[in-house]
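Asker: Mind looking over this structure? Questions follow.
The values are calculated or read from the model by the stated rules, or taken from the named source; none is laboratory data. The structure displayed is predicted, hence computed values, not measured ones. Neighbour counts run over all protein chains shown; Cβ positions are idealised from the backbone, glycine included. Heavy atoms of the whole protein, side chains included, go into the accessibility calculation; ligands, DNA and RNA do not. Shrake-Rupley method; radii C 1.70, N 1.55, O 1.52, S 1.80 Å.
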Amino acid sequence: MCATIVIGLSAHFFYWFVFDLCGFDRQRTDRKLNVTSKSSSSPDEYYSLIIGSGFSGLGMAIKLKQLGTDNFTIIERHGHVGGTWYANKYPGCACDVPSNLYSFSFEPNPNWSYFFSRQPEIGEYLEHCAEKYDIRRHVQFHTTVTEMRWLDDRQLWEVTVRSNDKETKLYAKTVFAGYGPLSVAAFPNDIKGIDKFEGEMCHTAEWNKNIELKNKRVAVVGTGASAAQTVPEIHKSGLKNLYVFQRTPAWVIPRTDRAVNNWEKMFFTKFPIFQKLLRVLIYWMRESFVLSFVYRWPIRYSYRELVKYNLDSQVTNVELRKKLTPTWELGCKRILLSNDWYSTLQESNVEVVTNRIREVKPHSIVTHDGDEYPVDVIIWSTGFQVQNFPLPIYGIKGRSLAEQWSQTMQAYRGVTVPNFPNLFFLLGPNTALGHTSVVIMIEAQIQYIAEALLYMNENKKQTLEVKQKVHDDFNRKLQSKLKNTVWQSGGCHSWYQDAKGNNTTIWPDFTWTYILLMKKFDSQNYTL
């Protein structure tokens, strides 16, 4: 890790010296989009339409502003900006990436309260960005996109939206899908009787703050990232019994978290260069995990032993330790960061249940071995519908994106798809990460999309569509590289993969290689 930091900082300095300081191959920074302002005669037609107002949507909107246009709208299904960081309000919700890295590089926040930020503060940060860059007036709140169709004759996207039970149609030359992969809650479909449960029930992604937990018998189904944050918090509510239903255990590492004192905040405010340096240090520390996860260096054995030691030293009960020990390699599934997960599971009123759930009854949960657990509250911590595309989209000649992705979800560089002109995905297929901040990927994609828009504008091109062969070759190489990574050969099946075992989620390399890949728009690979 230290070697990675030294090499990374050296490369950072070299890149800054050659490209920024000396101006070698510097692109003109004053390039603007020559786009007409919003026409009062066509109130339903825009240059751009953005779906979602999380990091992706807000980042894209800010870039459009910087390019000199405000002829765009943002469709947001909630009543606030923030995306997943507004929607997820379960107890203990926090980010598992350090705050200084999980934020826009162009908008550092010197006032983070913790090294790892909690959900409310990330939501406030995104609200701040919306205010500072005058984005809020472009957002249509409480509005949902229900369908998108490419109009071949008009060379526009027809976007059907619903608000207040009323459907209307909007039109846009370009559409940016920034709704995020972790946006639609997933419930198990192999358990009968869920609808018969007479107690209180909710999903962590749709948290009901009115649920009373004190002196209740509570079941938490799932032991993923949200469960690792929720379980320790709700246990403090004075539960009578807590049953944690675990299908598969996860590797857990301590979260090196602490409160940021006022002196540090003032220091970062007065000397922002030091906060940028801290961000760079954290970035390269995180990048070092790629050597283990992707390139399978022997250092992975050291990582495993350290994490195994963390489990062995914290869990004293042999039977419980056996239940909590994964059989796959570190990193194959999402690694959990927690300082109180293991200690909570060892409390006297907590039981880890590893038998699969067969049925939910009005006041209990029954497992496949016939054991029955009386419960008053069920909390589903079962993740998101990552592999199910939620929106009907129809491209050239009515081509369905769901049909095109029926075999596997693929996109060129995670951003564009053949047969769907002028449609750009943010955090699309194979651009999520298993080791560091996805905001890095979002900013790289925004840079690439901006270059594409400028190219179209300067060369008077109306449409842009990636070539099929280019798209297929890119994904063939990407899947070939993924085969040797921990996410494919680590001995597990995770939500990173679809039903056929294809990894449609993770980028299999360093993020700096993706940043360089997305630096310029490759017009030769597109039909314009």
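Asker: Checking Lys477 against (1) closer than 24 Å to Gln385 by Cα; (2) of a type outside the set (Phe, Trp, Tyr); (3) open to solvent by 30 Å² or more (accessible area, probe 1.4 Å), which test does it fail?
Answerer: Lys477 satisfies all of (1) closer than 24 Å to Gln385 by Cα; (2) of a type outside the set (Phe, Trp, Tyr); (3) open to solvent by 30 Å² or more (accessible area, probe 1.4 Å) except (1).
Asker: So, Glu127, is that one under 20 Å from the mean Cα position of the chain (by Cα) and either under 22 Å from Thr84 (Cβ atoms) or open to solvent by 40 Å² or more (accessible area, probe 1.4 Å) (or both) or not?
Answerer: The answer is yes for Glu127.
Asker: Moving on. Pick from the range 188-203 the residues that are in contact with a Pro (Cβ under 9 Å, 6 or more places away or on another chain) and open to solvent by 70 Å² or more (accessible area, probe 1.4 Å): which of them is farthest from Gln385 (Cα to Cα)?
Answerer: Glu198
Asker: Would you pick out the residues in the range 136-187 that are of a type in the set (S, T, N, Q) and open to solvent by 50 Å² or more (accessible area, probe 1.4 Å)?
Answerer: Of everything in the range 136-187, those that are of a type in the set (S, T, N, Q) and open to solvent by 50 Å² or more (accessible area, probe 1.4 Å) turn out to be Gln140, Thr144, Gln155, Asn164, Thr168.
Asker: State whether one or more residues within the range 475-496 are within 18 Å of Phe425 (Cα to Cα), modelled with pLDDT under 95 and not in a helix (DSSP H, G or I).
Answerer: Yes, some residue in the range 475-496 is within 18 Å of Phe425 (Cα to Cα), modelled with pLDDT under 95 and not in a helix (DSSP H, G or I).
Asker: Shifting gears a bit: Considering only the range 349-361, I want to know if a residue exists there that is in contact (Cβ under 8 Å) with a residue 24 or more places away in the chain, open to solvent by less than 50 Å² (accessible area, probe 1.4 Å), of a type in the set (Ser, Thr, Tyr) and not in a strand (DSSP E or B).
Answerer: no
Asker: Also, I was wondering about something else. Would you please name the residue that is modelled with the highest pLDDT, looking only at residues in the range 22-55 that are surrounded by fewer than 10 Cβ atoms within 10 Å (Cβ to Cβ) and more than 21 Å from Glu451 (Cα to Cα)?
Answerer: If we take residues in the range 22-55 being surrounded by fewer than 10 Cβ atoms within 10 Å (Cβ to Cβ) and more than 21 Å from Glu451 (Cα to Cα), then Pro43 is modelled with the highest pLDDT.
Asker: Tally time: how many residues in the range 81-97 are of a type outside the set (S, T, N, Q), within 14 Å of the chain's Cα centre (by Cα) and farther than 21 Å from Lys236 by Cβ?
Answerer: 6
Asker: Let me ask something else about it. Conditions first: (1) among the aromatic types (Phe, Trp, Tyr); (2) in the same structural domain as Ile449 (by the TED database); (3) farther than 25 Å from Tyr46 by Cβ. Phe420 passes all but one, so which condition is the exception?
Answerer: Of the numbered conditions (1) among the aromatic types (Phe, Trp, Tyr); (2) in the same structural domain as Ile449 (by the TED database); (3) farther than 25 Å from Tyr46 by Cβ, the odd one out for Phe420 is (3).
Asker: Identify, from the list Glu233, Glu287, the residue that is open to solvent by less than 20 Å² (accessible area, probe 1.4 Å), among the charged types (D, E, K, R) and touching a Gly at 6+ places or on another chain (Cβ under 9 Å).
Answerer: On inspection, the qualifying residue turns out to be Glu287.
Asker: Checking the condition surrounded by fewer than 23 Cβ atoms within 10 Å (Cβ to Cβ) and under 29 Å from Ile253 (Cα atoms), which residue from Glu443, Glu451 passes?
Answerer: Step by step, each of Glu443, Glu451 is checked, and only Glu443 is surrounded by fewer than 23 Cβ atoms within 10 Å (Cβ to Cβ) and under 29 Å from Ile253 (Cα atoms).
Asker: State all residues of the range 107-120 that are part of a loop (DSSP other than H, G, I, E, B) and touching a residue at least 40 places away in the same chain (Cβ under 8 Å); if no residue qualifies, say none.
Answerer: Within the range 107-120, Pro108, Pro110, Asn111, Trp112, Ser113, Phe115, Phe116 qualify.
Asker: How about the range 262-284: which of its residues are touching a residue at least 24 places away in the same chain (Cβ under 8 Å), of a type in the set (D, E, K, R) and open to solvent by 60 Å² or more (accessible area, probe 1.4 Å)?
Answerer: Lys276
Asker: Please pick out the residue among Ser348, Ser288, Ser292, Ser364 that is polar (S, T, N, Q), over 23 Å from Ser494 (Cβ atoms) and out of contact with any strand residue (DSSP E or B) (no Cβ under 8 Å at 6 or more places or on another chain).
Answerer: Residue meeting the stated conditions: Ser348.
Asker: Restricting to the range 36-69, give me the number of residues that are more than 19 Å from the chain's Cα centre (by Cα) and assigned to a loop (DSSP other than H, G, I, E, B).
Answerer: Qualifying residue count for the region: 12.
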